[in-house]
Every structure is written in C-alpha cells, then in structure tokens.
Amino acid sequence: MKLVFSDFDGTITYNDELTVHFHDILKLLKGHGVPLVICTGRSKSWAHFLLSHFFDLTHVISEGGGTLSSVTVDGLGRRHLSDRLLVPEEEADRLEKIAQELVQKFPLRLSVDSFGRHTDRAIELSDLNDNPSLDKEVRAFLKENEVNFSTSNVHLNFWCGEISKMKAINTFLSEYGPQELEETLFFGDSLNDQSVFRDHPKSVGVANIAKVLDVIEHRPAVILTGEENEGPLGVLNYLKSLLK
Ligand SMILES: [Mg+2]
C-alpha cells in the first residue's frame, strides 16, 4: 500500500471530535512512509487548517472533490500553500448565483462555513431535518436548476459541474501518483463517500457506516463492524492489520 485516502468527519474523527487516534493514524502512516490524503466535504478553509497544523499532510481534497490544496516546502523549510479548482471557474460562478437565489426563495441560511467555500455550498442538515417539507422543496429547487447535491454527516452540500471525491482522487493520482488505484486505500463512513465506494476496489467503511447502510446505493468493498472499529479506531485497527 503506497497511499491512504480518507474522509474526515466520522471517519478519522469521532462525531465532531478530533481525538488522539487521529494523531496515532498520522504517526503509524509516517512510520511506514505512507502518505495520508484527507478527502473531505468540508470547505477549502478546512483544508488550509489541516495543512497548516499537521505537517505530515501535504495534500487535502476538500469540498467533496471540488478543490485540491497542497503544500510545498522550499529550500529554507518554509511551507507554501496553494489551491487548485477541480471544476471550471464558470461553474463556481453559477453556483454563487444559485446560492443567492436559494436563500432569497426559502426561509433558510447557508452553513456558516459556506463563507469559506468555493466550489460548493452547504445547508445545515439539522435545519432541514426539523422541516421535512422545506427539505423536499429545497431538493426539488436544486434538481430543477441542475445543481448536484449530496449529504455528509452534517450538511446538505450542493454544487455545479462534475465534482466527486472519486474524480478528485483520479486527478490526484494522475499527477502525484502512485498511478495505480489498487496501490491505495480509501476510508469513509457516509453518503458523500459513495463515488469512491463504487469505483475504488479497496474502499473500507468504518463500523459507524452501519447507520447509513440501508440508504446508500454503493457499499465499500470492506465493511468494519463492532464498537472498537468505529471512526478513527476502525481506521487505525485496519491499518495496523495491514502494516504489521
Ligand atoms: Mg464522513
């Protein structure tokens, strides 16, 4: 195994909590010379946070695959952060217009972190779960306008153009290698990981994926079970079994 891709929320965090197990995962992978690339539905700003504070990370895919943020280190050891859109800029512009129309038309607000988003926007799932008819109307509005959407653990994310975690992973591999998908692993736990579950031969669902197993269309190749394999402990246990 040459590289590990992983979702963030619920996969290498417990609910919203970043625990010591996240550091254990980084340490284990570093010890074996295996890079970790986080693939999250969170905003590009989160990618910047992760790359600025966890020096073992050099690339983060964010916004569900819409952006790739990278760090390069110069000769003086200074870290330089750069971003790349994985969707045409015109699609990001169309999204901005749709997002404005959405909040004018419906009694809802965008998630606070939509401010840091470039290629997608989000609505708090809790706002929609409390109001099923609003949820239905919002989804119908997005469909009418040919806007794609998906749910993560916390958000209804929506975007214009072709964006998925799997597409971003393929772009990443074609440029940064390893070339073979089979030489990598992917960990995930939710609906917004499905593009990878469908196309990655070595995808792993941590045990808490049980909550969505009856609603997901594409299941990961391996599904972990048991409380001891929920979230980051599941990732850690699985990696330990491979990296003996
Ligand atoms: Mg997740």
Practice prompt. Could you check Ser62 against (1) at pLDDT 95 or above; (2) away from the ligand (no atom under 16 Å from the Cβ); (3) surrounded by 12 or more Cβ atoms within 10 Å (Cβ to Cβ); (4) not β-branched (Val, Ile, Thr) and say which number it fails?
Written response: (2)
Worksheet, complete the sentence: Turns out the strands (runs of 3 or more DSSP E) fully within region 116-187 with at least 3 residues that are touching an Asp or Glu at 6+ places or on another chain (Cβ under 7 Å) are 155-159
Worksheet entry | Enumeration of residues in region 195-215 that are surrounded by 18 or more Cβ atoms within 10 Å (Cβ to Cβ), of a type in the set (Val, Ile, Thr) and in contact (Cβ under 8 Å) with a residue 24 or more places away in the chain | Val196, Val204, Val206
Discussion item. I'd like to know if region 191-210 contains one or more residues that are closer than 21 Å to Phe149 by Cβ, assigned by TED's automatic domain parsing to the domain that holds Asn170 and touching a Leu at 6+ places or on another chain (Cβ under 9 Å).
Written reply: yes
Practice prompt. Identify, by number, the condition in (1) in contact with a helix residue (DSSP H, G or I) (Cβ under 8 Å, 6 or more places away or on another chain); (2) crowded, with 18+ Cβ neighbours inside 10 Å; (3) within 24 Å of His48 (Cβ to Cβ) that Arg109 doesn't meet.
Written response: (2)
Discussion item. Residue pairs, Cβ under 7 Å, 6 or more apart or interchain, first in region 1-29 and over 15 Å from Asn237 (Cβ atoms), second within 15 Å of the ligand (Cβ to nearest atom) and among the basic types (Lys, Arg). List them.
Written reply: Phe8/Arg42
Worksheet, complete the sentence: Exactly one of Phe172, Phe186 is in contact with a His (Cβ under 9 Å, 6 or more places away or on another chain) and within 16 Å of the ligand (Cβ to nearest atom), and that residue is Phe186
Response to the item:
When restricted to Phe5, Phe49, Phe54, the only residue away from the ligand (no atom under 15 Å from the Cβ), aromatic (Phe, Trp, Tyr) and touching a helix residue (DSSP H, G or I) at 6+ places or on another chain (Cβ under 7 Å) is Phe54
Item to complete: Determine whether Val154 is within 15 Å of the ligand (Cβ to nearest atom) and closer than 13 Å to Val4 by Cβ.
Response: no
Worksheet item: What is the residue count in region 151-168 for residues that are surrounded by fewer than 24 Cβ atoms within 10 Å (Cβ to Cβ) and over 23 Å from Arg109 (Cβ atoms)?
Response: 5
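The values are calculated or read from the model by the stated rules, or taken from the named source; none is laboratory data. Quick caveat: nothing in here was measured; it's all calculated off a predicted structure. Every residue, glycine as well, gets a Cβ built from its backbone with ideal geometry; the counts of neighbours run over all protein chains shown.
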